[in-house]
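Notes follow the structure.
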Amino acid sequence: MRAGARRALPAIRRELEGRRFLLIADAHLPSIAAIVAREPISGSWWSHPLAHEIYDVCQWLEDQPEAARVKLISGKVTFVHRSLFASVAAVGSACKLWQMRALAPAAKRLLARCDARGVIRLDELTPRTRDAAQARAKAALELERRLLVRRSVASCSSPPWPSSAPRPVAARCCPGSELPPCGATRSGFY
């Protein structure tokens, strides 16, 4: 981890514990990018001189038991504090009308697979053509924005994956459960 990222960690922890959420980047709401850069960032944080440090902090948060990554506020990646896990999971498992209305057929099929299997690896679904992969990614994003699934890219050098290559994962939350910490098992509501 780069020194700039390491210096930002105490402030990141304080903000997450105090506000209960942090976006990766936002011009007006509390964000990791603004804390690391020590000022709000307009435009993409990827082009900021401290982009590597911002990325380091995001990766660190992925592995913290007190944080979970979801698309929550304005459809943006948001890290939520452990105290909100049960609430976010309850919304995700509710399948309310606003979540289910007008789901694309591909999203409905993917949701049914997630319901049946819990956790699925998107790269293991067939067919494995580029178009099919793009369609699955689009369907997973639609479900994620409605809080019906949580996606991640799991990197694992031990079973069940033989290499450390990123693996796209999507999964459903069971009613009454909590969100697992992002780095705890690389399974569950991902």
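The values are calculated or read from the model by the stated rules, or taken from the named source; none is laboratory data. What you see is a predicted model; the values in this text were computed from it and never measured. FYI the Cβ positions are ideal-geometry reconstructions off the backbone, even for glycines, and counts take in every protein chain you see.
Kindly check whether there is at least one residue in the stretch 21-43 that is in a helix (DSSP H, G or I), closer than 20 Å to L147 by Cβ, β-branched (V, I, T) and without any contact (Cβ under 8 Å) to a residue 60 or more places away in the chain. Reasoning before the result, please.
In the first step, residues of the stretch 21-43 are kept if they are in a helix (DSSP H, G or I); the result is 32-37.
Narrowing the set further to residues that are closer than 20 Å to L147 by Cβ leaves none.
For the stretch 21-43, residues in a helix (DSSP H, G or I), closer than 20 Å to L147 by Cβ, β-branched (V, I, T) and without any contact (Cβ under 8 Å) to a residue 60 or more places away in the chain: absent.
Only one of (1) touching a residue at least 60 places away in the same chain (Cβ under 8 Å); (2) surrounded by fewer than 16 Cβ atoms within 10 Å (Cβ to Cβ) is not met by R130, so which one is it?
Unmet for R130, out of (1) touching a residue at least 60 places away in the same chain (Cβ under 8 Å); (2) surrounded by fewer than 16 Cβ atoms within 10 Å (Cβ to Cβ): (1).
With the checklist (1) part of a helix (DSSP H, G or I); (2) in contact (Cβ under 8 Å) with a residue 24 or more places away in the chain in hand, flag the one item P65 doesn't pass.
(1)
Looking at (1) more than 14 Å from R151 (Cβ to Cβ); (2) in contact (Cβ under 8 Å) with a residue 24 or more places away in the chain; (3) not hydroxyl-bearing (S, T, Y), which is the one condition that is false for A51?
Unmet condition: (2).
Residue by residue, here is whether (1) touching a Phe, Trp or Tyr at 6+ places or on another chain (Cβ under 9 Å); (2) β-branched (V, I, T); (3) under 23 Å from L141 (Cβ atoms) holds:
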position: A25; (1), (2), (3): yes, no, yes
position: L29; (1), (2), (3): yes, no, yes
position: A37; (1), (2), (3): yes, no, no
position: S47; (1), (2), (3): no, no, yes
position: H52; (1), (2), (3): no, no, no
position: Y55; (1), (2), (3): yes, no, yes
position: C58; (1), (2), (3): yes, no, yes
position: P65; (1), (2), (3): no, no, no
position: V70; (1), (2), (3): yes, yes, yes
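Go through the stretch 98-146 and count every residue that is aromatic (F, W, Y) and on the phi > 0 side of the Ramachandran plot.
To start, the set of residues in the stretch 98-146 that are aromatic (F, W, Y) comprises 98.
From what's left, on the phi > 0 side of the Ramachandran plot: none.
Residues in the stretch 98-146 being aromatic (F, W, Y) and on the phi > 0 side of the Ramachandran plot: 0 in total.
Counting only residues that are acidic (D, E) and in contact (Cβ under 8 Å) with a residue 12 or more places away in the chain, which one in the stretch 90-127 is farthest from R150 (Cα to Cα)?
D123
Which is modelled with pLDDT under 85, under 19 Å from the mean Cα position of the chain (by Cα) and not small (G, A, S), of R130, R145, R121, R82?
Answer to the check: R121.
From (1) in contact (Cβ under 8 Å) with a residue 40 or more places away in the chain; (2) surrounded by 16 or more Cβ atoms within 10 Å (Cβ to Cβ), pick out the condition that doesn't hold for A140.
For A140, the exception is condition (1).
Across the stretch 73-93, what is the total count of residues that are closer than 11 Å to R20 by Cβ and in contact with a strand residue (DSSP E or B) (Cβ under 8 Å, 6 or more places away or on another chain)?
Restricting attention to the stretch 73-93, the residues satisfying the condition of being closer than 11 Å to R20 by Cβ are 78-85, 87-88.
Next cut, in contact with a strand residue (DSSP E or B) (Cβ under 8 Å, 6 or more places away or on another chain) only: 78-82, 84-85, 88.
Here the count works out to 8.
Return a yes/no flag: does the stretch 80-98 have any residue that is crowded, with 17+ Cβ neighbours inside 10 Å and over 30 Å from D63 (Cβ atoms).
no
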